[in-house]
Each structure stands twice: as C-alpha cells, then as structure tokens.
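Report on the structure given below.
The values are calculated or read from the model by the stated rules, or taken from the named source; none is laboratory data. All of these numbers come straight from a predicted model, not from anything done at the bench. Glycine gets a Cβ as well: all are built from the backbone with ideal geometry, and neighbour counts include every protein chain shown.
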Amino acid sequence: MPLDQLPEELLLQVAFHLPDSATPQHLKNLCLASRKLRPIAQEALYTTARLAISCGCHPKVNALVKLLRTLLDRPDLASKVKALRFRAVRKCVEKVYVEHGFDFLHFHARCISKLDELGYGSTHLWRRSIDNSIESAFGGLLLALLPNLTDLDFWIKDHQRGPPSSECISGLWGATSPPHAILQGWKNISHLVTGDTSLLKCGIEFDKLTSLDLRTISIGTVLRLNGPGSLQGAENLVDLTLTLSIQFADRPLVEKAEIEFSELLEALACRALKNLKILFINDGYHIGDDLTTELNAGYFLDQLRSFQKTLESLSITLETADDDGELEWLVDMCQHPTTSLKGFTALKSLVIPQPFIFTARSASWNTEDSCQPRNLPPNLEQLELLYPHEDVEEWAEGFLSENFYATSGDALTQPPDAQGRTSIFKKLILTCRDDVGMGAEYFKEGVDRIWWTLSADNSIEAEVYDQLRDTRENLAGLYEDEGLGNEDHENDDEDEIDEDGWEDEDDDTRLQRGALFVGPISPFLEDQTNILAYLRAVPKPKGYSRNELCAILGISLERVFGATSRLLQDGNIRFDTDFTDGHTYHFVAESEELLREDRMHRLRESSKVDADGWETDGSMPELEAYESDSLAHTAGDAMSIASRVPSGVPITPTAVLRCLRDIPDPSEGLYPWDICRLLGTDDIDAVGYAVRQLVRDGHARNPGFEDKIYFRNENAELLAEDMD
C-alpha cells in the first residue's frame, strides 16, 4: 500500500517515531515533503512544544512569541498542543525584538485584537501589560489559547538572569487571578512545573494533576501559607519535586521564624504521594562567613514523617555549584544525622547525602547519633549515598549483621546464617566527586573486601559512580579482578628456577608449615586444585566455607577468593546458601589438572596406614617427608579432615574478645585460625560469627584488605571481670 494511502492515525504514529521527533528539524522537513504529509507532520510538531530556552545573557526573540504568532494565524493547531515548555521575563521587550528584525508592531496588534475577542478591554490589567509589551503577558495569552494541555513546564522571571518569580500570576495576566479559560481549562493537566505555589492558590481546577515540580521554595513560601489543605489541586499527587532552600535544615533559623517545612507538605495535602525529590540550593550561606551554623539533617528528615507510610522513592540532593569548595563546605555543614528510617515502611529507593545518615566525624558507627544499616527502611531495595567518605566501608559491615535482616518480613524466624536469603536490599551506590568526600578512585583502587563479601554472601551489589566523568564500576567485580591479579603475581614470585632449570621446591610456600593436601596429591598443585581436592573429599551434602578453606590450606582469604572465583567461573564448584551451616562451596566436577594428578598419583587398593597417616606397603615408592606439624596432626585419611567436628568448647564473643585483648601486642591482631588455636576449637564458623558480633558492636575491627581482627575496647562482660 502506498504511503499516502495509509490512514492518518498510522501516519501520525510514524511521525511520532521519527529518530529525532523530540526536536523539530525532522518534522519541519516532513512538512515540506508533500501536501498529504504536511498536516500529519504539523500535528506531531505542535503536540509537544518544548521551546528553546535562552540563557538570559543575550536577550533575543523568545520562542513563545513565535509560537503565539503561528497559533494566531492557525488557530486549528492550538488544540493539537498537549505539552508546552517556555520561560518568560516580566520586562518590556519591544526594543529588543525590533532590533532582532521581528515584526513587533503587527504581532502586537494581533494580540490586542485577540484580547478584545476574549473580552478583555483597555482597562483590564492584562490588556495594559500587553500594551506595555511585557513578555510574560504574551505567555499568558499563549496559555489561554491552549485548551488541551496535559503537560506544562514554565517559569516567569523578574529579571533575565534571575530565579523564578514568586508572583507568576500577575506576570502572566496582570492581575492576581487567571482568566476563566485557565480556571476551567486546565482540568486535564497531569504534570506541572512552575516557580512556586502561586498557581495552587488562585482557584485553578487541577482535577488530574499527579506530578508537580516547584522550583523556588523558600522560607517566605511557607510563611505565606494558610494552613493544612490551603494549596488546591495537589490532593492526587504521586510525584513531587521541590527545589528547596537549604535554610529549612537550619533548625534555629526556622524555629525562630516559627515555621516548619512540614507545613508545606500539610498544605499540599497529598496523602497518596509515592515519589519525592528534593534539591537543596544554598541561598543563604557563603564560604568565608563567620558562621557556627550546623544544618540539622535528622531534624529535616523528621519533617517528612507524614509521608512515611506511602513514600516508595525519596531523593535528597545538593546543588552542585561552580564555586570551588562550596559543595564540600555545604556537606561539612550537615550534621546531626537521623538515627532511624524504619518508619518509612514503603520506601524502596533512597538517594541521600552521607551526612544525613552518618557523618565522617563520628567516632563510632554504633553510637545512637547515626543510622545503622539495621535502621534503614525495612523494604529498601536500593540506597545511593552521595559524596561518601572512607568510613562508609566500615559502616557497610552493618549489612552483614543478622539485625539488619531482622527488619525484613519473616527474617526473625530464620537462623542467623540463613537470614541473608530474606534480604530485600540489593544495591548500594556510592556517588563520588573529586571535590567533595572521597573520589571514585579511592574506592576503585585497592577495593575493600567488604564489597565482595556483600555480593557473595548477601547478594548485595555495590557500585561506585563517578559523577564528574559519568562512569560506573561494580566494586565486587573490581575486587575479584584485583584478587586474580594478585594471585598471578604471587605465583610468579613462587616459580623460582634452580640452576638445572627446575622449580626450587624449597621455595614453594605450599610445602611450608600448615599446607595440607588430600592423600598423595602432588604438593605442586595450585590453590584451585588444592581447594577442589578438599571439596571433592567432603561427604555430600557438606561443603567448606571460605574461613575453613583458609584454615585448612593456611592461605589468605584473598587467595581463597581468587581461587574459588576461578573455579566458579569454570563450573568446577558451586556456591550454596541453602544450608544452616552457612555459605559453603561444594564440589561439582574435576578440573583437568586434578584429573592429571589423579592419574599420576592413583591410590593403591590395599594399603596400611602408620601412626602418621602414611601408607606402609613395602612396594610403595618412597615419598618425600613433609615437615608440617599441622599435617602430622590432622592427616590420617582424607575423609578424617573432611569430617572434622567442633571440639565442644563454647565460643562466645567475650571469649574471642579476651583473646584479642590479652595477646602481648593487641595492635598486631589475630587471624581467625589463630583464635581457633587459642580457644582450642576447630569451629571457625562459630569464631567468625562471634567476630561479626564484636565488629558490629564496636568492640573489634576488621579493616579492609586484612584477614586479621583487632581489639578495640572491652564489652560489658570483660569490664565486669576487670572490676572483680
């Protein structure tokens, strides 16, 4: 079927889907293509009129005036306009327009004629504004001619380079109330962007308004309110965006003015609000001022409590200024973070500056003056922290606490190691800038282990976003890449060659004390093969945790991470969280290297074992003796290692803390397996659980890139012992 025979409805949809239909150039070209396509292209062109906005530095003919001129000539197009965006200034523009070659006299006469047609004579204030060539008054006439608007975005400015005016009604129509065409004609508007609350005070019926964006909310805005429900048309709002003075977080200031930000929310009376965005602008403080002002972040968040049962998305951001250091200075002013957001039971997404939750100056994240992960909204799925400091790595350890999961659904009934499966929270984003907080490179270089642990154990992905360069990186992925790189580097260091061209066995760390191997497996296998051999020997369905593998092989967590990551990628093992014993690795299939070693060192069918666990068959070839106390202590048969059981010694946080405190130099710290040895136990999972409790409660610390645990301070039980 030829194009010109298609129904107009289909042609209109084709026009809407042109590659650049959001910009007018392609649609203008389509208007010139044929008489058949011209009305189709014109309708598409005028349906969305997002007019170009001048910077204000170089005044020129406003695009709204050109659109108004067209609609005066083609009134049939006015009904096609559904979305409109424009900016106008409350200034006489006749001279500027004439200088730019615009036929202003003819245009002005057409506007006067249209006002007469609408019934606004020479004495009306709107008519006088047009007579005086006030640009914003032409914007008022444009709005009066558009009966089918659903999306409106406009500002009226008192100066070319100024902010939105607080009196847009008089700027548009000269008087304090809009014309009848506006009062009854905006019932279909669903999305509105404007300067302040003026349009909500003049009787306009916004029956379908669900999205509102107010760009100038100051202390004066709230002072001019008349109480709850005094702003008309916001009852059905779902989305609310506010550009807000930072002074609303200055508690002494607003209390002195005898107002609260919550009064604005009460005046809007939007009880079904789901999405709230707040952009703070600094309109009252300057670097160098002799100020002792502190912005009370927790106090401001308390003002949002009226929405805590309905809000699903909350975003609080700070204006990024051009002045060097101003943003950092503003962030530093934010103090007194909230202590809990649990009341926001419906909240799923949160974007917030770090100081609103915890400040970098806090001595401990466990004090009552900060919000721990366990006190975040119970149904939160994603958290974006703006401008974080290095302390966020320690704060994030709170996501590992069982108390964090106790706020989610039926998590209270789950065993501690299974609670991670009930977590709704899935993503943490660190939004960084070079000029405030820690830059993205800090988190990307030398990635802290906590991000890998959150991903592997709790399915929580951490991402660093560089706001200036618009780049994103997954921190767990970066950690794995670093681990594999470090493993390759370690292997290169170990492969020293003797004078005959063979590797020097004496320098192989896998032959040193604490290196264990299952049966007669070659001591020259890589970490992956050693781990795979141990997992193969474990009775199903039992597996080994990372800490158990560290203790058995005597290698660091970084090496275990690197080896298991490679094995997971190759499909040789799987990572399971379905067992109450914790998160464990399980054997799936042999690797080529393990199969090769099996062929080289196949077990004999009839072998006796001596006291040290070695075969004594006379025909058995001589094997090199291993000087390893741990091997002599634990070897016997491969299955005896796999079936080790806890010694029965009760492992409590206090017992672990006592070990950390009482070593000769507490600043040296202890590895988990060292604590097991001191307590006389093999239950490294119990030790790990106790350590996590101590770290969470602030009595011990586990810095990134280290397996060691360090003493911090006594708990109540140790203090009681000291007093006795």
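Please go through the range 132-157 and pick out each residue that is under 20 Å from SER190 (Cα atoms) and among the hydroxyl-bearing types (Ser, Thr, Tyr).
THR150
How about the range 305-315: which of its residues are surrounded by 21 or more Cβ atoms within 10 Å (Cβ to Cβ) and within 15 Å of PHE280 (Cβ to Cβ)?
Across the range 305-315, the qualifying residue is only LEU314.
Could you please give the count of residues in the range 65-103 that are surrounded by 15 or more Cβ atoms within 10 Å (Cβ to Cβ) and more than 28 Å from ALA41 (Cα to Cα)?
So the answer is 7.
Among the residues that make up the range 225-232, is at least one of them under 17 Å from PRO164 (Cα atoms) and either modelled with pLDDT under 95 or within 24 Å of the chain's Cα centre (by Cα) (or both)?
No, because not a single residue in the range 225-232 is under 17 Å from PRO164 (Cα atoms) and either modelled with pLDDT under 95 or within 24 Å of the chain's Cα centre (by Cα) (or both).
Answer yes if at least one residue in the range 104-113 is among the small types (Gly, Ala, Ser) and on the phi < 0 side of the Ramachandran plot, and no otherwise.
Checked the range 104-113: at least one residue is among the small types (Gly, Ala, Ser) and on the phi < 0 side of the Ramachandran plot.
Right, SER177: farther than 17 Å from LEU64 by Cα and small (Gly, Ala, Ser) or not?
yes
Output the number of the condition that VAL254 fails; it satisfies all remaining conditions of (1) closer than 24 Å to PRO163 by Cα; (2) crowded, with 20+ Cβ neighbours inside 10 Å; (3) within 23 Å of the chain's Cα centre (by Cα).
It is condition (3) that VAL254 fails.
Here are the criteria: (1) under 22 Å from ILE709 (Cα atoms); (2) touching a Gly at 6+ places or on another chain (Cβ under 7 Å); (3) at pLDDT below 70. Tell me which single one PHE561 does not satisfy.
Going through the list (1) under 22 Å from ILE709 (Cα atoms); (2) touching a Gly at 6+ places or on another chain (Cβ under 7 Å); (3) at pLDDT below 70, PHE561 breaks only (3).
Can you find a residue that is at positive phi, in a loop (DSSP other than H, G, I, E, B), in contact (Cβ under 8 Å) with a residue 40 or more places away in the chain and surrounded by 18 or more Cβ atoms within 10 Å (Cβ to Cβ) anywhere in the range 139-159?
Initially, the range 139-159 is screened for residues at positive phi, giving none.
No, the range 139-159 contains no residue that is at positive phi, in a loop (DSSP other than H, G, I, E, B), in contact (Cβ under 8 Å) with a residue 40 or more places away in the chain and surrounded by 18 or more Cβ atoms within 10 Å (Cβ to Cβ).
Name the single residue, out of those in the range 172-191 being touching a Ser or Thr at 6+ places or on another chain (Cβ under 7 Å) and farther than 21 Å from GLU135 by Cα, that is surrounded by the fewest Cβ atoms within 10 Å (Cβ to Cβ).
Top of the filtered list is ASN188.
Does the range 478-500 include one or more residues that are under 28 Å from SER349 (Cβ atoms), modelled with pLDDT under 90, surrounded by fewer than 17 Cβ atoms within 10 Å (Cβ to Cβ) and polar (S, T, N, Q)?
no
From the set of residues in the range 663-689 that are touching a helix residue (DSSP H, G or I) at 6+ places or on another chain (Cβ under 9 Å) and either among the acidic types (Asp, Glu) or under 18 Å from ALA396 (Cα atoms) (or both), which is surrounded by the most Cβ atoms within 10 Å (Cβ to Cβ)?
Per the criteria, the residue is GLY688.
Of all residues being among the aromatic types (Phe, Trp, Tyr) and touching an Asp or Glu at 6+ places or on another chain (Cβ under 9 Å) in the range 576-605, which is modelled with the lowest pLDDT? Just the residue, please. Before the answer, list the steps.
Pass one, the range 576-605, residues among the aromatic types (Phe, Trp, Tyr): 579, 585, 587.
Next, only the ones that are touching an Asp or Glu at 6+ places or on another chain (Cβ under 9 Å) stay: 579, 585.
Values: PHE579: 43, TYR585: 83.
The residue in question is PHE579.
Just to be sure I understand, how many residues within the range 184-201 are assigned to a loop (DSSP other than H, G, I, E, B) and not aliphatic (A, V, I, L, M)?
Residues meeting the conditions: 8.
Return the residues of the range 233-250 that are within 24 Å of the chain's Cα centre (by Cα) and part of a loop (DSSP other than H, G, I, E, B); say none if nothing qualifies.
Across the range 233-250, the qualifying residue is only VAL238.
So the check is Cβ under 8 Å with 6+ separation or different chains; which pairs have a first residue in the range 695-724 that's more than 23 Å from LEU454 (Cα to Cα) and a second one that's at pLDDT 85 or above and among the polar types (S, T, N, Q)?
Within 8 Å, the pairs are ASN715/THR654; GLU717/THR654; LEU718/THR654.
Could you please give the count of residues in the range 151-163 that are more than 12 Å from ARG87 (Cα to Cα) and modelled with pLDDT under 95? Talk me through it step by step, then tell me what you get.
First, the residues of the range 151-163 that are more than 12 Å from ARG87 (Cα to Cα): 151.
If we keep only those that are modelled with pLDDT under 95 too, we end up with none.
Here the count works out to 0.
LEU115: more than 24 Å from CYS57 (Cβ to Cβ), touching a residue at least 40 places away in the same chain (Cβ under 8 Å) and surrounded by 17 or more Cβ atoms within 10 Å (Cβ to Cβ), yes or no?
no
Just to be sure I understand the filter: pairs with C-beta atoms under 8 Å, separated by 6 or more residues or on different chains, first member in the range 248-262 and over 19 Å from PRO228 (Cα atoms), second member part of a helix (DSSP H, G or I). Which pairs pass?
Hits for this filter: ALA249/ALA297; ALA249/TYR299; ALA249/PHE300; ARG251/TYR299; LEU253/ILE219; LEU253/GLN247.
In the range 660-679, which residues are more than 17 Å from ILE552 (Cβ to Cβ) and β-branched (Val, Ile, Thr)?
ILE663
Looking at LEU231, LEU240, LEU143, LEU214, which one is touching a helix residue (DSSP H, G or I) at 6+ places or on another chain (Cβ under 9 Å) and either within 18 Å of VAL81 (Cβ to Cβ) or among the hydroxyl-bearing types (Ser, Thr, Tyr) (or both)?
None of the other options fit; the residue is LEU143.
Which residue out of ALA109, ALA88 is touching a residue at least 40 places away in the same chain (Cβ under 8 Å) and small (Gly, Ala, Ser)?
ALA88
Of everything in the range 430-442, what is part of a helix (DSSP H, G or I) and either at positive phi or free of Cβ contacts under 8 Å to residues at least 40 places away in the same chain (or both)? Give them in sequence order.
The answer is ALA440, GLU441.
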